[in-house]
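Trainee: Take this structure, written in structure tokens, and hold onto it; I'll ask about it next.
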Amino acid sequence: MYDQYDALIFDMDGTILDTEPTHRKAWQQVLSRYGFTMDEEKMVGFNGAPTWQLAQFILEQNNATHDPHLLAAEKTAALKVMLLDDVRPLPLMDVVKAYHGRRPMAVGTGSEHSLAKALLEELGVYHLFDAVVGADDVQRHKPQPDTFLRCAEMMGIAPERCVVFEDADFGVQAAKAAGMDVVDVRLL
């Protein structure tokens, strides 16, 4: 179905891995320590963005002066403990397996590189990808195109010859800004 492309790029959280419920659980755990609240619908709007950006928004919403990077680090630490026990592949992983060895593939995620690697290794699928680009691998994050452009560069494929699979508005915008076709998996 995607044979017309030279490479496939996948977002990770909510696209190939079912991590969203665990992300929310980790945030709830950390926010409860401080008595902070956050509307889950607003949190979904940050899907694809780096954790510190959501942390900054949460702090603003709670009129708090904490360092957003430290709050994000707390959430990431809580997430790592939970995720390795709970992570499950989503159906799109079948596309990854079908194209392994046929097309270069990459993961472009708003999660930190080390977390993405750990999760993909835990599921035994890290070796299926030619490149993994995390939030800490680029300066500008989704909705900017840098994550996906870096994936294409690492695979040696022109951006316009890539297709991106995404489940978040920021990621869809980033793929389009990179000049790539995009499959919004929420519509599948």
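Trainee: Any chance you could count how many residues in the range 94-131 are of a type in the set (S, T, N, Q) and on the phi > 0 side of the Ramachandran plot?
Mentor: Step one: list which residues in the range 94-131 are of a type in the set (S, T, N, Q), which gives 109, 111, 114.
Adding the requirement that they be on the phi > 0 side of the Ramachandran plot leaves none.
Within the range 94-131, residues that are of a type in the set (S, T, N, Q) and on the phi > 0 side of the Ramachandran plot number 0.
Trainee: Also, quick follow-up: Considering only the range 160-188, state which residues are farther than 18 Å from I16 by Cα and surrounded by fewer than 19 Cβ atoms within 10 Å (Cβ to Cβ). Talk me through it step by step, then tell me what you get.
Mentor: Applying the first criterion (farther than 18 Å from I16 by Cα) to the range 160-188 yields 160-161, 173, 176-180.
Within the range 160-188, E160, R161, Q173, K176, A177, G179 meet the criteria.
Trainee: Report the residue count in the range 150-171 for those that are assigned to a helix (DSSP H, G or I) and within 21 Å of V95 (Cα to Cα).
Mentor: Number satisfying all stated conditions: 8.
Trainee: Among the residues in the range 23-33, are any surrounded by 16 or more Cβ atoms within 10 Å (Cβ to Cβ) and in contact with a Cys (Cβ under 8 Å, 6 or more places away or on another chain)?
Mentor: No, the conditions are met nowhere in the range 23-33.
Trainee: Which residues, counting only those in the range 93-105, are closer than 12 Å to L8 by Cα, among the charged types (D, E, K, R) and surrounded by fewer than 15 Cβ atoms within 10 Å (Cβ to Cβ)?
Mentor: K97, R102
Trainee: From the list K142, K117, K97, exactly one residue is in a helix (DSSP H, G or I) and under 16 Å from the mean Cα position of the chain (by Cα). Which is it?
Mentor: K117
Trainee: Kindly indicate the residue of the range 100-114 that is modelled with pLDDT of 95 or more and of a type in the set (D, E, K, R) and also nearest to the chain's Cα centre (by Cα) among those meeting that condition.
Mentor: R103
Trainee: Can you pull out every residue in the range 61-92 that is over 26 Å from E166 (Cα atoms), open to solvent by 80 Å² or more (accessible area, probe 1.4 Å) and without any contact (Cβ under 8 Å) to a residue 12 or more places away in the chain?
Mentor: Matches in the range 61-92: N63, T65, L70.
Trainee: Go over the candidates F10, F46, F57 one by one and state the one that is touching a residue at least 24 places away in the same chain (Cβ under 8 Å), open to solvent by 10 Å² or more (accessible area, probe 1.4 Å) and of a type in the set (A, V, I, L, M, F, W, C).
Mentor: Values: F10 fails: open to solvent by 10 Å² or more (accessible area, probe 1.4 Å); F57 fails: touching a residue at least 24 places away in the same chain (Cβ under 8 Å).
Matching residue, one of F10, F46, F57: F46.
Trainee: Scan the range 23-69 for residues that are among the charged types (D, E, K, R), assigned to a helix (DSSP H, G or I) and more than 16 Å from D13 (Cβ to Cβ) and jot them down.
Mentor: Within the range 23-69, R33, E41, K42, E60 qualify.
Trainee: Report the residue count in the range 70-94 for those that are part of a loop (DSSP other than H, G, I, E, B) and β-branched (V, I, T).
Mentor: Residues meeting the conditions: 1.
Trainee: List pairs: first in the range 128-141 and farther than 18 Å from I16 by Cβ, second open to solvent by less than 10 Å² (accessible area, probe 1.4 Å) and outside any helix (DSSP H, G or I), Cβ under 7 Å, 6+ apart or cross-chain?
Mentor: Matching pairs, first to second residue: H141/P50.
The values are calculated or read from the model by the stated rules, or taken from the named source; none is laboratory data. It should be emphasised that the depicted structure is a prediction, and the values quoted were computed from it without experimental measurement. Every residue, glycine among them, receives a Cβ derived from its backbone with ideal geometry; neighbour counts consider all protein chains shown. Heavy atoms of the whole protein, side chains included, go into the accessibility calculation; ligands, DNA and RNA do not. Shrake-Rupley method; radii C 1.70, N 1.55, O 1.52, S 1.80 Å.
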